[in-house]
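Report on the following structure.
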Amino acid sequence: MSVQLNHTIIASRDNRVSAEFLGDMLGLEVGKEWGPFIPVTTSNGVTLDFATVPEGTDIPSQHYAFLVSEEEFDAAFQKITDLKLPFFADPHRQHPNEINHNDGGRGVYFPDPSGHWLELLTVPYGGWQ
């Protein structure tokens, strides 16, 4: 068997709010609560397990990038604008209210409810090989 990422745990202020935010943004199903986790599974089988951290705990901001189709990008970007979320063309947040066109695709960065930065891109870095 080749090495594959199976799951990762994402710290959140409220695991339900964060899981439903991502599920709605990307059109993914939010799974049933399992212990302290609420899973969201991507189409390649990787599970993002959202866990609520204790009140007062700092959550270091993490970056999660999702390769999406043009149609999925359009749908998610419409939600970003409908929710009036801040968005940027770059990870350093120097190009607000813009998307990028890296490698001939489109990309955007925006925050989730716990302060993590999500990235949507329609073409992988380096382009399609």
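Values as computed for the structure displayed
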| read-out | value |
| --- | --- |
| Accessible surface of the chain [probe 1.4 Å, protein heavy atoms]: carbon and sulfur percent | 54 |
| Accessible area (Å², 1.4 Å probe, nearest 10) - Val17 | 80 |
| Dipole moment magnitude, nearest 20 debye, segment 57-129 about Cα centre, only Lys, Arg, Asp, Glu C-beta charged | 160 |
| Dipole in debye (nearest 20) - segment 5-126, about Cα centre, beta carbon charges: Lys, Arg +1; Asp, Glu -1 | 160 |
| Percent RCO, i.e. relative contact order, over the chain, from Cα pairs under 8 Å lying at least 6 residues apart | 23 |
| Normalised contact order of segment 64-121, rounded percent, pairs of Cα under 8 Å and 6 or more residues apart | 37 |
| For the chain, convex hull volume per residue from C-alpha positions, Å³ | 130 |
| Convex hull (Cα only) mean projected area of segment 80-129, reported in nm² to one decimal | 3.7 |
| Accessible surface, 1.4 Å probe, highest first, among residues Arg106, Arg93 | Arg93, Arg106 |
| Where labels lie 7 Å past Cα in the beta-carbon direction, separation of Ala51 and Glu33 in nm | 1.6 |
| 0 to 90° range, to nearest 10: angle between helix 70-82 axis and the chain longest Cα axis | 70 |
| Loop GluC sites (Glu not before Pro), segment 20-129 (other Cβ atoms within 10 Å of the site Cβ: 16 or fewer; DSSP) | Glu29, Glu33, Glu55, Glu98 |
| Accessible area of segment 44-110 divided out per residue, in Å², using a probe of 1.4 angstrom | 61 |
| For segment 12-18, 3J(HN,Hα) per residue [Karplus equation, 6.51 cos²θ - 1.76 cosθ + 1.60, θ = phi - 60°, Hz, x = Gly/Pro] | 8, 6, 8, 4, 5, 4, 5 |
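The values are calculated or read from the model by the stated rules, or taken from the named source; none is laboratory data. All figures in this text were calculated on a predicted structure; none of them were measured in a lab. Cβ atoms come from the backbone with ideal geometry, glycine included; neighbour counts cover every protein chain shown. Accessible surface is based on the protein model in full, side chains and every heavy atom, while ligands, DNA and RNA are left aside. Shrake-Rupley method; radii C 1.70, N 1.55, O 1.52, S 1.80 Å.
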